[in-house]
Structures are given as structure tokens and as C-alpha cells.
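Engineer: Below you will find the structure I want to go over with you.
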Amino acid sequence: MADSDRMVVDGVEEERGRETPRGWMERIKHPKTTLVAVLLTVNLLNYMDRFTIAGVLTQLQAYFHMDDKQAGMLQTMFIVFYMLCAPICGILGDRYNRKLIMSVGLSIWIVAVLLSSFVGRDYFALFLLLRGMVGVGEASYSTVAPTIIADSFTGADRSAVLMVFYFAIPVGSGLGYIGGAYVSLWTGAWQWGVRFTPMLGIICLLLLIFVLDEPARGEAEHAEGMERTTVKEDLVYLTTIPTFRWTTAGFTAVVFAAGSLAWWTPSLVEHAYAVQHGTSVVPEDEKASVALKFGLITACAGLTGVTIGSTVAGAWREGRWGLRASHRADAVVCGLGALAAVPALFACLITASHYINVAWCFVFLAVTLMCLNWAINMDILMYVIVANRRATATAIQTMISHLFGDATSPYIVGVVSDWVRGDDVSQVGSFFSLQTALFIPNAVLVFGGAAYLYATFHVVEDQRIAAHRMHVHSAWDDDDEESGRAALLAPPPPARSPSASEADEEEDGGDDVQVLVRN
């Protein structure tokens, strides 16, 4: 290969504008390894804490005498607080110390979870309020942490680190289900199933305060011209990025489906067990077994999905495995994953009443496909948005995806389930009403896939525009694809001194012009 086809940017070898795939861990040294480890650990706790409630949901329903609608309200209240605080945390995260913001949020989160475990059975409203307060703390972390990764890594390294960071979604969710269910089983009280995560939270808080080092905004890209902007300017800017709009719509649809599935699948399987065994009461050890299976499936499927999604998208972008290189690969993988999850989830719902083990297999497949986009979606957002507006963009996307996604889907499914069941309180009625309600998120996934695929028409141009606004070189400019708007924003080429022969030719041309003028 000719030397002209290679270049080195910040110590990373690139080939024809694309980073040559080498062992990314070999290039990530201390303290960046420490940064990744701390952020991953706290993110694991984030999702563990979010789903410990689902692991003890039936115990909570018995303790507070809740129906399905009220049970759905627990997750809805958490997400409502989460999404309302996310924009505030994002705006602050683009302007002030991000380490401080995360530490304060984590402190609120720890206290709220701990207090919620001491609420009496006659104070459901207070439990609901404290569950919402947990969302305040988690919003401060989820909107800010990805921007620290974006400011520490670029290119394939950033994609790989985001993949590792979002391993926390399936692993943390699975550990939350398993931990909540089994700790409550061992102790004989649901309270301890919720109470063990604040203890881990204290360790995470100490790691944030004493171990994490915060990078400067745009540090990894050597971004310039990152002046402070107003909130109004940031919001107007985000509305002008088509990729941001369409990936947000697609991500919201996937979150809607994933949120309802995560919240209601254990209950659906418990009802299916009761139907198959002709009983009205599901044993506590069977409930714990369901939580364990769903937690393991969620963790394994999520790991598989995040890994496959990021790996395939990266290989496709770089033209490996015989694939034609394309910068649209990220959005295409997200879209195809959402569409492929539709028949998998449908098959799960159909088979659950007769073949629970077969249904578990389809749950694994559906969760795997829905998890293809977790890391890729954030990677897209980071490279189409300028460095000093990424926390705001993350926060707005978070707010929208939760407002119309998992903040509403558990409640909607619960309401529809109660409506379909009517006065039928039998296990058969409970199963079929919940099964019917869960067809709603299955249909929403179709819209999500379509939105991601539509974003492919804009992603290349939007990445180039963001790079030019930060006054950094975009490797995508080296490709043959044209971008009209980006070209307008590109800086003019530097003036080049003429060679001696060119200077002589210019003088000869000048003499000819003078002769023509004189004549």
C-alpha cells in the first residue's frame, strides 16, 4: 500500500480516512482505563437499581394491594422524574463541572432508594414519590457520562468504549432482577431486595469523587471554537440536525417496546405458569426462578446484542468482512435490528401460554435484536453533534425517549390489560389480557425501524457539518460521497506557493497579456 494512503492522527493509524482496526484496548492506557472502569461500574449500578423493583413486583403488589395499573405507575413515576430532570442535567453538563453533577445526583439517588425501603404498606403515594426521586439521581448520570467518554476517545476507540459502557444495560438489568428477587427470597422481605443497591452506591460515589478525572470538552478531537451558548441556541441547533430527529424517534420506539417487555414479562410468565399448572397461586420459589431466568436471559441477550450491533456496524463502516464500507452502517444496523425484533416478540407472546421454554428462547432473540442499537445510537449522536452541545442533545433525546417510551409503555400496557380483563380475576384472564396488551409495543417497533432507516439519508452530511463546526478534520471528507451543506461550511484551502516553473509560466502569460493590451 502506498504511503500516501496512510496517515497518523493523534497516534492512531488511519487508512483512506478510516481507522485501521487494531486492538483498541492496547491503545487505552491508564488513566483512561480507570475512567472507563469507573463509568461502567456506576452505570451497572444505575440499571441494577432501576430493575430491582421488577424483581420483587408481585411482592410489592401484595404489600401495597396494587393492581396492574398501579404497578405500571411505579416505573412510570420513576421515568417521569428521570426525563424531567434529564434536560436540566444536560444543560448543566455542557456548562459546569460534570463530575460534581454526577456526584450530587448519585447522592440523591442513594438516599431515595434507601428511604423507599422503609415505607409502610399504607403509604403507597410516598413510595411512589421516592421512586420518582431515584430518577432525579439517575438522570444526572445517564446524560453526562457518555459525553465524558466522547471527550476522551475518538473513532473506533470511542465506539468500542461506548459498547463496553452500554454492556451495563443488559448486565445491570439482569443483576437487578436476580438480586432483587433472590435477596428478598433469602431475607423473607422485599425491602432487602431493594435495600442492597444503596450499599453498592456508596462505593460508586467514592469512586466518582476520588478516582474519576474529567476531560476538557472536545479534548480528544482537539475541537476549537467551543464557545458557551444559550439554551435557546442549543435547542434551535438540535432541531436543524435531521439525524438527531430521526434517531431519537427510532430510539423512542425501541425504548417503548423494551420498557414494557422488561416490566411485564416476568408477570406474563408467572401467569402462564399458573395457567399450565391449573393453580391460582404461584409459589414464591417459582417466582424467584422466573426472575432468575429472565435476569440471565436479559443479561446474556443484551451482551450479545450490544456486541453484535457494535461489531457489525464497525466492520461495515470500515469495509471489513467483505462488506462495502459505508458511513450509514450504524443507522442501518439499528433499523434492521428493530424490524427483526417484531416477529421474535410476536412469537414469544403466542407461545407463552403453552410452551414457556420456547417463549424464553424468543424473549432472548427479541431482546438481542432490540439491544443492537444501544451503543450505536449514542455513537451516532456523539459524531453528529458538536462537543459543547452533546450533554444537552443526550438529555433531550433521553427526555423524549422516556416520555414517549418506557415512561408510558408499562402504564399503557397495564391499563389495556385491566380493560381487557374486566372483572375476570382468574389467572387465565390475567394471562390473556396481559398478552393482548403486549401486542402494542410489538407494533411500535415497526415505526422504530423505519425511523432509523430514514436517518440513513442524513447521517453522512450531519457528521461532516459537526466536524467542520468544531474546526477538526473529518475522515469522512476523504470519501467520494458528496455533501453540499458541509462543503459550504468547510474552511477555504490554504494558499500554495507556486513552483519556479509555474512562476516562469505566469510571467510569460503576463507578458502575453501586456502585448495584447498594447495592441
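Engineer: Per 0.36 nm of contour for each residue apart, how much would the distance between Val231 and Glu284 grow if the chain were fully extended, relative to their Cα-Cα spacing?
Structural biologist: Numbers: separation 53, 0.36 × 53 = 19.08 nm, distance 5.09 nm.
Length difference between fully extended and current span is 14.0 nm.
Engineer: Mind ranking 277-286, 233-242, 405-414 by how tightly packed they are, going by the mean number of other C-beta atoms within 10 angstrom, highest first? Working shown, then result.
Structural biologist: On the way: 277-286: 11.8, 233-242: 15.1, 405-414: 25.4.
Going by the mean number of other Cβ atoms within 10 Å, highest first, we get 405-414, 233-242, 277-286.
Engineer: Next question, about the same structure. Counting only heavy atoms of protein chains, what accessible area per residue, in Å², does the range 302-383 have with a probe of 1.4 Å?
Structural biologist: It amounts to 36 Å² per residue over the range 302-383.
Engineer: Kindly write out, for the range 34-50 in residue order, the coupling ³J(HN,Hα) from the Karplus curve 6.51 cos²θ - 1.76 cosθ + 1.60 (θ = phi - 60°), rounded to whole Hz, with x marking Gly and Pro.
Structural biologist: Each residue's phi maps through the Karplus curve to give 5, 4, 4, 4, 5, 5, 5, 4, 5, 5, 4, 4, 3, 7, 4, 5, 5 Hz.
Engineer: Which lysines does Lys32 reach when only Cα atoms under 22 Å apart count, and residues fewer than 8 places away in its own chain are ignored?
Structural biologist: Counting by Cα, and skipping residues close in sequence, Lys32 has these lysines nearby: Lys99.
Engineer: Then there is this: At a Cα cut-off below 23 Å, give the lysines reachable from Lys69, other chains included and same-chain residues fewer than 8 away excluded.
Structural biologist: Qualifying lysines at Cα under 23 Å: Lys287.
Engineer: For the range 153-292, what does the accessible surface come to per residue with a 1.4 Å probe? Please give it in Å².
Structural biologist: On the way: 5510 Å² over 140 residues.
On a per-residue basis, 39 Å².
Engineer: Enumerate the calculated ³J(HN,Hα) couplings along the range 443-453 in order (Karplus 6.51 cos²θ - 1.76 cosθ + 1.60, θ = phi - 60°), each rounded to whole Hz, writing x wherever the residue is Gly or Pro.
Structural biologist: 6, 5, 4, 4, 4, x, x, 5, 5, 4, 5
Engineer: Follow-up. Would you mind telling me the share, in percent, of accessible area of the range 187-249 contributed by carbon and sulfur at probe 1.4 angstrom?
Structural biologist: Carbon and sulfur together cover 65 percent of it.
Engineer: Moving on to the next point. Just to confirm my numbers, what's the Cα centroid distance between the range 147-214 and the range 216-291 in Å?
Structural biologist: Using only Cα atoms to place each centre, the spacing works out to 16 Å.
The values are calculated or read from the model by the stated rules, or taken from the named source; none is laboratory data. Note that the structure is predicted; figures quoted are calculated from it, not measured. Every residue, glycine as well, gets a Cβ built from its backbone with ideal geometry; the counts of neighbours run over all protein chains shown. Note: areas computed on protein heavy atoms with side chains; ligands, DNA, RNA excluded. Shrake-Rupley method; radii C 1.70, N 1.55, O 1.52, S 1.80 Å.
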